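Written out below as structure tokens is the structure these notes cover.
The values are calculated or read from the model by the stated rules, or taken from the named source; none is laboratory data. Everything quoted here is computed from the prediction, not taken from an experiment. FYI the Cβ positions are ideal-geometry reconstructions off the backbone, even for glycines, and counts take in every protein chain you see. The accessibility values were calculated without ligands, DNA or RNA, using every heavy atom of the protein model including side chains. Shrake-Rupley method; radii C 1.70, N 1.55, O 1.52, S 1.80 Å.
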2 protein chains.
Amino acid sequence: METLRDRKRAATRHSIRRAATLLGLQHGYENVTVDMICDASMVSARTFFNYFGSKEGVYISSPKPTPNQTQVKAFVEGTGSSVFGDLFSMIAEKIVDNDADLEYFRERHQLIQQTPELLNREKARISETEDVFVGYVMDRFRFRGRSEKETPDLMDEARMVVSLVFGAMRYTMQKWATSNFADTREDLVLGASRLIQRITKNEHWP
Amino acid sequence: METLRDRKRAATRHSIRRAATLLGLQHGYENVTVDMICDASMVSARTFFNYFGSKEGVYISSPKPTPNQTQVKAFVEGTGSSVFGDLFSMIAEKIVDNDADLEYFRERHQLIQQTPELLNREKARISETEDVFVGYVMDRFRFRGRSEKETPDLMDEARMVVSLVFGAMRYTMQKWATSNFADTREDLVLGASRLIQRITKNEHWP
DNA sequence: CTGAAAATTTGCAGAGTATGCACAAATTGT
DNA sequence: ACAATTTGTGCATACTCTGCAAATTTTCAG
């Protein structure tokens, strides 16, 4: 059950985030100090750090929920013909389906886009989770009877697949932002896979 | 001509870098302070920041030289059948052919690998240059008669190609490090392209 | 060789980020 | 209402980083 405490915490958290984002948009990330954010959101500096740990923390997206057991199982044991498509789809679902405050989401996105430092952090944060997905892909490979006995660099292949999908993901996020976050997950998956197909098909390898 | 001043600068730079790396390996990145590095390399803290701008700066690889005009022209107007292969090759050349101090290179690499924060920074630094290469790929597309008239999302395709290649690059760097930096550029290109082929060929798109 | 010019290094003051700790205030469950 | 628990704050302190001016070192022309 959601207690008063929980609601207050959420409110404080959001209030600080919003103040920080607005100040960032107004003065530029570099020129915003933690004190300014604290003044605007009426908490002590100590509380700010209790909540976000660092100045940057307030701007960076909170950790994305990793896929749950059901989704992972569906991916690993799924009969889909494309690792790319299936993996992309699973990841997209977690990123797209946030029913959060769209206005705040856009403001934050705009600020991040126009602040190279934050943009890089955001990118880094995203690829941090790559390893988890490499694990899933390996599981899927094994489920389909492939093993490291038969293909010594199976892990590399998995890594590569994840790399490619995360590349596609970056491209897609860009596109999604341009569309003002209007596209559905199906749109995104379709767009990304169409493009990947075109690229891989066009290539003639020596 | 190389003056005494230049040599001293280089020596100081290297001395600070080495001290920093050794201390990092010994105490862990988090526990190394700028003062410790300065004590060990006998410069003032102010000088440290004159050279590297930030504590992190001393650990992050110095900006990789972008390909020169000749290499770019060769890529843009080249007759190679694979954008992937050609682009990968061009980038690999710039990264591989550093004739720097191998011992220091390995120490730094080890430290970065075992320090998540530095690893992410390094990744971020690498992808920062993506935009430049997107430009080259676009030039190559246009040189071959493709235009945004005919393919509205040509730029997206270019971005995607670069994403994929940088993904391959990450994979390759990993592999290269494992081989203790012994492989030649040809080895790397071959290995990466073989893997990409396997992956793209294996896929059956719906 | 010498002295002025230019580049480099340094010390210092100060702003900003971040952490630990103890205490005050608010909330919860009884 | 009250004891326990959680949350917020003040304070001291460490560390990163910048601007500025003075001190030092290197360069180079005469």
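How much net charge surrounds residue B:35 when only other residues with a Cβ under 14 Å from its Cβ are counted (Lys, Arg +1; Asp, Glu -1)?
Details: positive: B:46, B:55; negative: B:39.
Within the 14 Å Cβ shell, the charges total +1.
Every other copy gets compared here: list the nm distances from the residue A:194 label point (7 Å along Cα to Cβ) to its counterparts, shortest first, one decimal.
Ordered by increasing distance: 3.6 nm.
Per-residue ellipticity at 222 nm for chain A, helices alone: DSSP H runs ≥ 4 residues times -39500 (n - 2.57), over residue total, nearest 500 deg cm²/dmol? The partial results should precede the final answer.
Numbers: 10 runs with 145 residues, N = 206.
Result for chain A: -23000 deg cm²/dmol, rounded to the nearest 500.
Tell me the net charge near residue A:113. Cut-off is 14 Å between Cβ atoms, residue A:113 excluded, with +1 for each Lys or Arg and -1 for each Asp or Glu.
Summing Lys/Arg as +1 and Asp/Glu as -1 gives +2.
Quick one: P(r) of the protein assembly as shown from all Cα-Cα pairs, 20 Å bins, percents rounded to integers, in order of increasing distance.
In order of increasing distance, the bins hold 22, 54, 24, 1 percent.
With unit charges on the beta carbon (Lys/Arg positive, Asp/Glu negative), name the residue among A:53, A:34, A:4 whose Cα is farthest towards the positive pole of the charge dipole of the range A:4-58.
Farthest towards the positive pole: A:4.
log10 I(q)/I(0), Debye, Cα-only the range A:4-58, no solvent, q = 0.20, 0.23 Å⁻¹?
Results for the range A:4-58 at q = 0.20, 0.23 Å⁻¹ read -0.63, -0.82.
Semi-axes, largest first, in whole Å: what does sqrt of 5 times each Cα gyration tensor eigenvalue give for chain B? Intermediate values should be presented prior to the final figure.
Working: eigenvalues 280, 76, 51 Å².
Result for chain B: semi-axes of 37, 19, 16 Å.
With a 1.4 Å probe and every protein chain left in place, work out the accessible area per residue of the protein assembly as shown in Å², rounded to a whole number.
On the way: 21790 Å² over 412 residues.
Counting only protein heavy atoms, the per-residue value for the protein assembly as shown is 53 Å².
So, with +1 on the Cβ of K and R and -1 on the Cβ of D and E, and no other charges, what is the size of the charge dipole of chain B about its Cα centre, to the nearest 20 debye? Each step should come with its number before you reach the end.
On the way: 29 positive and 29 negative charges, 56 e Å.
Approximately 280 debye in magnitude.
Where in the range A:107-189 are there GluC sites (Glu not before Pro) that are in a DSSP coil and have at most 12 other Cβ atoms within 10 angstrom of their Cβ?
Values: sites: A:107, A:117, A:122, A:128, A:130, A:148, A:150, A:157, A:186; in loops: A:148, A:150.
In loop regions of the range A:107-189 (DSSP not H, G, I, E or B), the sparsely surrounded GluC sites (Glu not before Pro) are A:148, A:150.
Could you work out how much longer the chain between residue A:64 and residue A:4 gets when fully extended? Use 0.36 nm per residue separation minus the Cα distance between them, nm to one decimal. All intermediate terms of the calculation are to be shown ahead of the outcome.
Details: separation 60, 0.36 × 60 = 21.60 nm, distance 2.52 nm.
Gain on stretching residue A:64 to residue A:4: 19.1 nm.
Normalising by the residue count of chain B, find the relative contact order in percent from Cα pairs under 8 Å and 6+ residues apart.
Details: 127 pairs, mean separation 43.1, N = 206.
The value is 21 percent.
With the cut-off at 20 Å, tell me which of the pairs B:55/B:123; B:64/B:123; B:73/B:175; A:73/A:149; A:73/B:201 have Cα atoms farther apart than that. Could you put the intermediate results ahead of the total?
Working: B:55/B:123 17 Å; B:64/B:123 13 Å; B:73/B:175 29 Å; A:73/A:149 24 Å; A:73/B:201 25 Å.
In this structure, B:73/B:175; A:73/A:149; A:73/B:201 exceed 20 Å between Cα atoms.
Once you average over the residues of A:154-160, how many Cβ atoms of partner chains fall within 10 Å of each Cβ? Display every interim value, and only then the final one.
Values: counts 0, 0, 9, 6, 1, 6, 11.
Taking all residues of A:154-160 together, the mean is 5.
Checking an interface number: how much accessible area is buried between A and B, summed over both chains, with a 1.4 Å probe, in Å² rounded to 100? List each step's numbers first, then the result.
Numbers: alone 12740 and 12740 Å², together 21790 Å².
Chains A and B together bury roughly 3700 Å² of accessible area.
Can you compute the FRET efficiency between residue A:42 and residue B:27 using 1/(1 + (r/R0)^6), with r the Cβ-Cβ distance and R0 = 35 Å? Round to the nearest 0.05. Provide the component values of the computation, followed by the final result.
On the way: r = 40 Å, r/R0 = 1.13.
Once rounded, the FRET efficiency stands at 0.30.
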